[in-house]
Amino acid sequence: MNIYRYEENPMITPVDVKPYHEGFEVIGAFNAGVAKYKDEVLLLLRVAERPISENPDIVKVPIYNTESKEMIIKEFDKNDKNYIFDDPRTFRSTDKVEGFSYLTSLSYIRIARSKDGRNFTVDSEPFLYPFNEYQSFGIEDARVTQMGDTYYINFSSVSEVGVCDSLVSTKDFVTFTDKGNIFAPENKDVLIFPEKVNGLYYALHRPSLKSIGNYDMWIATSPDLQHWGNHKHLAGVREGHWDNGRIGGGLVPIKTEKGWLEIYHGATSESRYCMGAMLLDLENPTKVIARTKTPILEPEAEYEKKGFFGEVVFGCGGIVNEDILQMYYGVSDTSMACCELSIQEILKQLEEEM
Ligand code: MAN
């Protein structure tokens, strides 16, 4: 696989983003959804901010009260035996067997704009900022599906009642219409197909199972983009492979003559994130035609290996220009990068490795 990583990489880093909150620092500008709007490329950045802490033993947790519009900062001592601090992104109380109780930062969506797809200017204000009680811990990892002149944007809404997936629509990236929560907790990595298939909308989704089952990809249909049903298991994690820990949709499915091309992410049980590809039947996307045995992109560059949470490449969107896929991807939960891949080459790898 020939991968052309842009010379500008990492193209947007936390220092390029001014904190929106006073007394906070930006620790990540990553996992952006992508849209082509007028003559510009828009990156819907996940900006993660946290209160500055002078004492390395004190973790300050930002929680936004969407009703009173107040930011509440809770302080925790890393020496407190009631909590387990083994992940820089989250921590949990000892009463919890798995998962997390709090996040160490709060994310929201801010737009970065570019005419050439390489040099971006970041808006000074957020575009999507927590606006209901399901978002008090933040909004993360937007995906953008364009249908006509409407852009549907879905993202993870995080709060103490779980991580669910929410949908809004916009025509101008200034105002938006709230379409509610489309997948109940815990669900992430929802990717809405860019057109109906046999009269129905399709979406990939990833329930995070806690008893039996794995972090696998599912597929559902909807008559109206808001009510989803007819859920089917699409693809699972693979033991002994690079995607043995969890998988989830990455980019909005791309229509090719061979089928729907889905670029997805897979992680090992040690949380090393790579991107792979899957080919779904054009007429029946619940059918997987092929899946790459090896990743199409893995953390190799310095900025992909080191950062707030290293060894992560995480694509949430791309732009297709004939055979070229420009894939924008988050690196190490810190910054944004972009690479170009040939769609024909990905299809060839799928054919060879199916
Ligand atoms: C995981 C990571 C974090 C994220 C939380 C909540 O722990 O992806 O970055 O904030 O889930 O979604």
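No value in this document is a laboratory result; all are computed from the given coordinates. Keep in mind it's a predicted model, so treat the numbers as computed, not measured. Glycine gets a Cβ as well: all are built from the backbone with ideal geometry, and neighbour counts include every protein chain shown.
Across the stretch 253-271, the residues whose backbone nitrogen lies under 17 Å from the label position 7 Å along the beta-carbon direction of residue 289 are 253-264. Highest mean packing comes first when the peptides 93-103, 164-174, 130-140 are listed by Cβ atoms within 10 Å, giving 130-140, 164-174, 93-103. To the nearest whole percent, what portion of all C-alpha pairs in the stretch 4-352 is separated by more than 28 angstrom? Percentage above 28 Å: 39.
Each Cα pair under 8 Å and six or more residues apart adds its sequence gap; the mean of these over the residue count of the chain is a relative contact order of 16 percent.
Within the shell of other residues whose beta carbon sits under 12 angstrom from the beta carbon of residue 116, the net charge comes to 0, with Lys and Arg scored +1 and Asp and Glu -1. Take each peptide in 200-213, 329-342, 34-47, count the other Cβ atoms within 10 Å of every residue, and average; sorted highest first, the result is 329-342, 34-47, 200-213.
Could you order peptides 78-89, 9-20 by the average number of other Cβ atoms within 10 Å of their residues, highest first? It would help to have the intermediate numbers written out before the result.
Values: 78-89: 12.7, 9-20: 18.6.
Put in order of decreasing packing, that is 9-20, 78-89.
Summing -39500 (n - 2.57) over the DSSP H runs of n ≥ 4 in the chain and dividing by its residue number, what mean residue ellipticity at 222 nm do you reach, to the nearest 500 deg cm²/dmol?
On the way: 2 runs with 15 residues, N = 354.
It lands at -1000 deg cm²/dmol.
In this structure the amide hydrogen of residue 163, modeled in the peptide plane, comes within under 5 Å of the amide hydrogens of 187, none closer than 5 places in sequence on its chain.
Around residue 188, under 9 Å between beta carbons, what's the net of Lys plus Arg minus Asp minus Glu among the other residues? Before the final figure, lay out the partial values.
Values: positive: 206; negative: 140, 141, 165, 186, 189.
My count for the surroundings of residue 188 gives -4.
With respect to the chain, whose longest principal axis is taken over its alpha-carbon atoms, helix 343-353 is tilted by about 80°. Net charge near residue 169, counting Lys/Arg +1 and Asp/Glu -1 over other residues with Cβ under 15 Å of its Cβ? Charge balance in the 15 Å sphere: -2. Phi angles across the stretch 36-52 convert, under the Karplus curve 6.51 cos²θ - 1.76 cosθ + 1.60 with θ = phi - 60°, into 3J(HN,Hα) values of 9, 10, 6, 9, 10, 9, 10, 10, 8, 5, 8, 9, 10, 10, 9, x, 5 Hz, Gly and Pro given as x. Each Cα pair under 8 Å and six or more residues apart adds its sequence gap; the mean of these over the residue count of the stretch 258-354 is a relative contact order of 23 percent.
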